Amino acid sequence: MGSSAASLGNARERLVRRAARDIVPGSVVNLGIGLPSKVAEFLPADFPVCLHTENGLTGLGPAVPLEEADRNLIDAGGAYVGTVAGAAFFDSVTSFSLVRSGRLDLSILGAFEVAANGDLANWKIPGKFSPGPGGAIELAQKAKKVCIVTTHTDRHGNPKLLRQCTLPRTGTACVARVYTDLAVIDVTPAGFLLRERAEGRTVEEIRAATGAPLQVAKGPLPVF
Amino acid sequence: MPLPDKLEGLESAVARIPDGAVLLVGGFGVPGTPFTLLRELERQGQQQLTLIRNDANEPGTGIDRLLRSGQVRRLVTSHIGLNAHAIERMNEGSLDVEFCAQGILAERIRAGGAGIPAILTDVGLGTELAAGKTIVEVEGRPLVLEMALRADVALVHAATADPFGNLTYAATARNFNPPMAMAADRVVAETESLVALGDLSAENVETPGSFVDAVVPLSALTEDYGIVCR
């Protein structure tokens, strides 16, 4: 695994590697399009987990190079993928039955914005980039746990972690934890709580890049 | 008592689609997209179509060709992020797009195919997707009323079919094809492989032929169906 990991850059690789560490053995996990899908590359080869992709597959395997690709076998982001032993194919009705009925333990998604109460916006920037919700509405609302992997700020340097979402929401109060290039931050009843900092980053730097009040966990802050 | 033969030529199968038709179009990205039926629809030029389809394909392929030829008035979909042209058309107002949560899109189609007029769900409550929809309170819970989707014609892509229209699908080329193959007044299935009646194991049939009206065998797979180098 990991042919494309090298192209992620150190900061992004660190954050997806950190997110992979929290995946619970035995769980059913959906990894969203883009950066979230890279989390799989940092799971040990013998790690017991069932990866789901909403276009109709459980037992998703690693991405495959084009010369080995099966034209009928993609993930929800359109990447050519393989399967692991025991994989199953099904239609979109069955795929979302799995999501909505409580069988999905963890959804890892990307974000345009995350609010201090756990609201998520990731499907529409009105008049600019509106890809549509895809499966994200149901993944955000119905997975037992929702985590976000994202850069801490957008490409213009604006914070993505805010007091409130300014963009149309994907889900309300759904996010449990956010992994960024700067920090690991939990969403708590008291708002954002800084749990860990990325190597070389200070609490003040993280606070300055965050658009909402940031509590800091007691005790020495782990570094990832 | 042989089962009826529903084999039909490409041109005549597509010619039954009138202007203004509502169409279900199978596929999720490339896999399961009925590219040959769509190319013929482009050639015949039916106008004012409403398409119900998970995504907008990628620029220059699949339903994007119908968007470019000006044949599509309205698109009901879940995600068009891989098609900048579709987003542009939506933003400039020349294409009416209704977004639907992906699984609810599937479930609305399933309901249409199952003879159920509408479904109730909490999916999308508190988001823009529920705006303007009827909210029904059931046992104290607010739920969104989502209307079933049924079409005049469904265009689906099968891996294997027999002349009666029993269908099987390949890998992730299933996606929306099985529910769509149940949810239209007329169901047209293009198939990569045609086998004789009895050659498909009855235990392996995924769409029973009684839902299907026309079987169009593909003589060759065009490059539309191939690996996409992005």
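The values are calculated or read from the model by the stated rules, or taken from the named source; none is laboratory data. Keep in mind that what you see is a predicted model, and the values were worked out from it rather than measured. Here the Cβ positions follow ideal geometry from the backbone for every residue, glycine too, while neighbour counts run over all protein chains shown. Side chains are part of the model used for accessible areas, which takes the heavy atoms of the whole protein and leaves out ligands, DNA and RNA. Shrake-Rupley method; radii C 1.70, N 1.55, O 1.52, S 1.80 Å.
Which net charge results for the neighbourhood of A:Glu13, defined as the other residues with beta-carbon distances under 10 angstrom from its beta-carbon, given Lys and Arg at +1 and Asp and Glu at -1? Walk me through the numbers on the way to the answer.
Details: positive: A:Arg12, A:Arg14, A:Arg17, A:Arg18, A:Lys38; negative: A:Glu41, A:Asp181.
Here the count lands on +3.
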Charged-residue dipole, Cβ positions (Lys, Arg, Asp, Glu), the stretch A:100-178 about Cα centre, Debye nearest 20: 120 debye
Leading residue at positive end of dipole, the stretch A:78-133 (Cβ point charges), from A:Pro126, A:Ala115, A:Gly78: A:Pro126
Chain-alone versus full-assembly comparison, the stretch B:76-104, residues with accessible loss of at least 30 Å² (1.4 Å probe): B:His79, B:Ile87, B:Asn91, B:Phe99, B:Gln102, B:Gly103
Summed buried accessible surface, chains A and B, 1.4 Å probe, nearest 100 Å²: 3400 Å²
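Computing the accessible area with a 1.4 Å probe over protein heavy atoms, can you report the carbon and sulfur percentage for the stretch B:11-219? Please report the intermediate quantities before stating the final value.
Details: 3630 of 7430 Å².
Looking at the stretch B:11-219 in its full context, I get 49 percent from C and S.
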Magnitude of the charge dipole, chain B, Cβ model with Lys/Arg +1 and Asp/Glu -1, debye to 20: 300 debye
Total formal charge among the other residues, if their Cβ is under 13 angstrom from that of A:Pro62, Lys/Arg +1 and Asp/Glu -1: -2
Label-point separation, A:Arg155 to B:Met147 (7 Å along Cα→Cβ), nm: 3.8 nm
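Determine, for each peptide in B:125-135, A:115-125, the mean count of other beta carbons within 10 angstrom over its residues, then list the peptides with the highest first. Don't skip to the end; give the middle numbers.
On the way: B:125-135: 15.5, A:115-125: 23.2.
The peptides rank, most packed first, as A:115-125, B:125-135.
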Summed side-chain charge close to B:Ser193 - residues other than B:Ser193 whose Cβ falls under 15 Å, Lys, Arg +1, Asp, Glu -1: -4
Cα-projected label distance for B:Arg43 with A:Ala79, points at 7 Å along beta-carbon direction, nm: 3.8 nm
Modelled FRET efficiency - R0 30 Å, B:Arg68 with B:Asp5, Cβ distances, 0.05 increments: 0.25
Under 29 Å from A:Lys160, Cα to Cα: lysines that are on another chain or at least 8 residues apart: A:Lys38, A:Lys124, A:Lys128, A:Lys142, A:Lys144, A:Lys145, A:Lys218
Pairwise label distance in nanometres, B:Asp122 with A:Ser101, each label 7 Å out on the Cα-Cβ vector: 1.7 nm
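Return a whole-number percent for the relative contact order of chain A, with Cα pairs under 8 Å and 6 or more residues apart as the contact set. Show your work: numbers first, answer last.
On the way: 476 pairs, mean separation 37.9, N = 224.
Reported relative contact order: 17 percent.
Rounded to the nearest 500, what is chain B's calculated 222 nm mean residue ellipticity when only DSSP H runs of at least 4 contribute -39500 (n - 2.57) each, over all residues?
Working: 6 runs with 48 residues, N = 230.
Mean residue ellipticity, 222 nm, calculated: -5500 deg cm²/dmol.
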Cα-based radius of gyration of the protein assembly as shown once divided by 2.2 N^0.38 Å, which approximates compact folds: 1.01
Accessible area per residue in Å² at 1.4 Å probe, computed on the stretch A:5-216: 41 Å²
Among B:Ala189, B:Ala111, B:Ala84: highest mean-square fluctuation, GNM of chain B, C-alpha pairs under 10 Å: B:Ala84
Cβ charges +1 (Lys, Arg) and -1 (Asp, Glu), total dipole of chain A, debye: 720 debye
Alpha-carbon centroids, the stretch B:155-180 and the stretch B:101-141: separation in whole Å: 26 Å
Interface residues, the stretch A:32-54 - accessible area loss of 10 Å² or more versus chain alone, probe 1.4 Å: A:Ile33, A:Glu54
Under the Debye formula (equal points on every Cα, no solvent term), log10 I(q)/I(0) of the stretch B:11-219 at q = 0.08, 0.09, 0.14 Å⁻¹: -0.27, -0.35, -0.81
